[in-house]
Amino acid sequence: CDVFSEASLKMASELGYDVRYYTMEYDDGSHTKAIDSTEMLNTLVAGLHDNASLLLHNANAATLIMLPNLINYLQESGYKITLLH
């Protein structure tokens, strides 16, 4: 729910979890919202920073269209893409 809580972080840590927060999000959670994939890519690229953690959703077709272009851009720009476990 995008809610930050010191108590939740403490409890998660005590249970052995490594908590990660995203630093960038695009409003792509609706499958019916009209989104331009090029505009989405440009917005994400403009907001990139070291250690960025992107939150994207697979609900909107624009995200699926944009994602290969974003991955190519990130790799060509020297960013490292990692999985969070």
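Rolling a 1.4 Å probe over the protein heavy atoms gives the chain an accessible area of 77 Å² per residue.
Accessible area, 1.4 Å probe, largest first: how do Val45, Val19 sort? Could you put the intermediate results ahead of the total?
Details: Val45 40, Val19 60 Å².
Of Val45, Val19, the descending order of accessible area is Val19, Val45.
With every protein chain in place and a 1.4 angstrom probe, the accessible-area ranking of Thr82, Thr63, largest first, reads Thr82, Thr63. Rolling a 1.4 angstrom probe over the chain with all protein chains present gives an accessible area of which 53% lies on carbon and sulfur atoms.
Close amide-amide hydrogen proximity is noted between Glu25 and Leu55, each under 5 Å apart and 5 or more residues distant or on a separate chain (H modeled in the peptide plane; Pro and chain starts excluded). For Ala34, neighbours were defined as the other residues whose beta-carbon sits under 13 Å from its Cβ, and their charges (Lys and Arg +1, Asp and Glu -1) total -3.
Kindly express, to the nearest 10 degrees and within the range 0 to 90, the angle between helix 61-76's C-alpha long axis and the longest C-alpha principal axis of the chain. So the helix axis and the longest Cα principal axis differ by about 80 degrees. Taking all protein chains as they are arranged and a probe of 1.4 Å, the heavy atoms of Asp36 leave approximately 80 Å² accessible to solvent. What the Cβ-Cβ distance of Ile71 and Asp18 gives, at R0 = 25 Å and to the nearest 0.05, is a FRET efficiency of 0.55. When nucleic acids and ligands are ignored and a 1.4 Å probe is applied, Glu14 ends up with an accessible area of around 130 Å². Each residue of segment 34-41 was assigned a 3J(HN,Hα) from its phi angle through the Karplus curve 6.51 cos²θ - 1.76 cosθ + 1.60 (θ = phi - 60°); the sequence is 6, 10, 8, 5, 5, 5, 4, 4 Hz, with glycine and proline shown as x. With a cut-off of 13 Å between beta carbons, the residues surrounding Leu70 carry a summed charge of -3, where Lys and Arg count +1 and Asp and Glu -1. Per-residue Karplus couplings for segment 51-56, computed as 6.51 cos²θ - 1.76 cosθ + 1.60 with θ equal to phi - 60°, are listed in order as 6, 5, 10, 8, 10, 10 Hz, Gly and Pro entered as x.
The values are calculated or read from the model by the stated rules, or taken from the named source; none is laboratory data. All values derive from a computational prediction rather than experimental measurement. Here the Cβ is made from the backbone with ideal geometry for all residues, glycine too, and neighbour counts use every protein chain on show. Side chains are part of the model used for accessible areas, which takes the heavy atoms of the whole protein and leaves out ligands, DNA and RNA. Shrake-Rupley method; radii C 1.70, N 1.55, O 1.52, S 1.80 Å.
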